[in-house]
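Each reported figure results from applying straightforward, stated rules to the coordinates on display, with no laboratory input. Nothing here was measured: the structure is a model prediction, and the numbers come from that model. Backbone-built Cβ (ideal geometry, glycine too); neighbour counts: all protein chains shown.
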Amino acid sequence: MESGLARKKRVDAADIAKRTPVASSGIVQAAGTEPAPCAPMLRLLFAIFLASTAAAENPGSVTLVPLEKLSDRSFTALAQRALGVRAVDWRHAETEHFVLHFFDAGTAAAVSVEVEFYYRVIAEELGRDTARWERKCHVFLFHEEGDWREFKAEAALDRWSGGLHSGGTIFLLRNAGWKARAQTLPHEVAHLVFERFVGSGVPLWLNEGFAEYAAGRCMAAFYRARGFNARPRVAAVPEERFVPLAALTTAAAYPRDEEDVMAFYNESEKLVRFLAATDRRGFFALLDAMGKGARFESALARSFGSRFPSLDVLEREFKPYATTALRPN
Ligand SMILES: [Zn+2]
């Protein structure tokens with residue numbers, strides 16, 4: 001198990017990112033996957049296996065593409081800052097949906113497999129026709145802690161670390177310290193795909209809740225595809241930290257207290273999971289309405305009206321679900 005402190009650190013990073021003007025998303029939080037079995041040695045073997053699997057699916061390595069030959073070179077201001085860090089050493093490659101920028105080809109080869117896999121899982125979770133994905137999204141893979149620190153300093157994001165989605169671009173630190181269970185990449189890919197196909201104007205709980213939910217599904221699917229018995233793992237929301245839905249679904253900022261932040265992520269993830277599991281079509285209709293700017297209550301009435309005629313009815317069913325350590329659906 002990961003320590004509570006480490007988890008808290010990651011959540012911190014997520015929310016600091018959210019509070020900064022340029023950053024739009026965060027890191028990995030409580031939801032995760034648990035490859036079974038999970039003893040340290042087996043986990044190490046699993047990491048080695050994962051690396052070799054990725055290499056096998058992408059034999060050799062990624063094919064390098066010169067910067068000037070990339071199919072999309074529309075870089076955001078933050079992307080340009082990233083490219084300015086050790087500028088001559090960046091390498092580039094493309095996958096079906098992404099343009100990868102990296103220092104380490106082995107890392108890029110592994111990520112090229114992961115990122116496309118996550119993309120497919122998330123598109124499925126959104127129920128969207130993602131064939132319209134024509135312009136590729138950029139993923140910057142930092143390898144050295146020093147480069148990452150320099151980038152963060154350049155971008156004036158001093159306390160933030162780990163990974164970030166901003167304006168359709170992902171920035172990620174991925175090196176030997178990376179943990180196979182980390183959900184940073186699928187979390188950020190989920191933000192990216194969500195923004196593109198649902199919109200960026202949705203409330204905080206839905207944005208973070210979906211990213212956590214989808215990241216958990218991604219990781220579980222990724223492990224299962226490789227023969228591991230993995231399921232999304234979600235912590236219960238402590239009863240005393242449960243936020244009434246009227247407040248959760250209208251929150252415009254993260255809570256100040258770190259434990260409350262954890263609970264906010266957990267509860268948001270659980271609400272997404274609960275609605276998606278209750279009625280998948282209803283959930284897609286809700287996403288549609290929310291993406292078009294509807295308030296949660298009116299979106300709920302439109303998409304789950306017969307099941308949850310009011311927020312109170314939803315809360316009566318949802319609260320025991322959120323505050324009990326149930327197996328996720
Ligand atoms: Zn996030």
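Please give the FRET efficiency for A77 paired with R316, using the beta carbon to beta carbon distance and R0 = 41 Å, rounded to the nearest 0.05.
Working: r = 47 Å, r/R0 = 1.14.
So, using R0 = 41 Å, E works out to roughly 0.30.
Normalised by 2.2 N^0.38 Å, where N counts its residues, the alpha-carbon radius of gyration of the range 268-326 equals 1.06. Computed over the alpha-carbon pairs of the range 205-329, the distance histogram in 10 Å steps reads 13, 44, 34, 9, 0 percent, short to long.
Note down the net charge around A294, summing +1 for each Lys or Arg and -1 for each Asp or Glu among other residues with Cβ under 13 Å from its Cβ.
+1
Placing dummy labels 7 Å off each Cα toward the beta-carbon, the span from E96 to R280 is 1.9 nm.
Shown in residue order for the range 299-315 are the 3J(HN,Hα) couplings computed by the Karplus curve 6.51 cos²θ - 1.76 cosθ + 1.60 at θ = phi - 60°: 5, 5, 4, 6, 9, 10, x, 6, 8, 10, x, 8, 5, 4, 5, 4, 5 Hz (x for Gly and Pro). Listing D288, D312 from fewest to most neighbouring C-beta atoms within 10 Å gives D312, D288. Exposure proxy ranking for K136, K270, based on other Cβ atoms within 10 angstrom of each Cβ and starting from the fewest, stands as K136, K270. Other residues with beta-carbon under 13 Å from the beta-carbon of E267 carry, at +1 per Lys or Arg and -1 per Asp or Glu, a net charge of -4. The H on the amide N of V65, modeled in the peptide plane, is under 5 Å from the matching H of H92, A93, each at least 5 residues off or on a different chain.
Residues in the range 213-228 carry Karplus couplings, in order, of 4, 5, 4, x, 5, 4, 5, 4, 5, 5, 5, 4, 5, 10, x, 9 Hz; the curve used is 6.51 cos²θ - 1.76 cosθ + 1.60 with θ = phi - 60°, and Gly or Pro positions show x. All other residues whose Cβ lies under 14 angstrom from that of E94 are scored, Lys and Arg at +1 and Asp and Glu at -1, for a net of 0.
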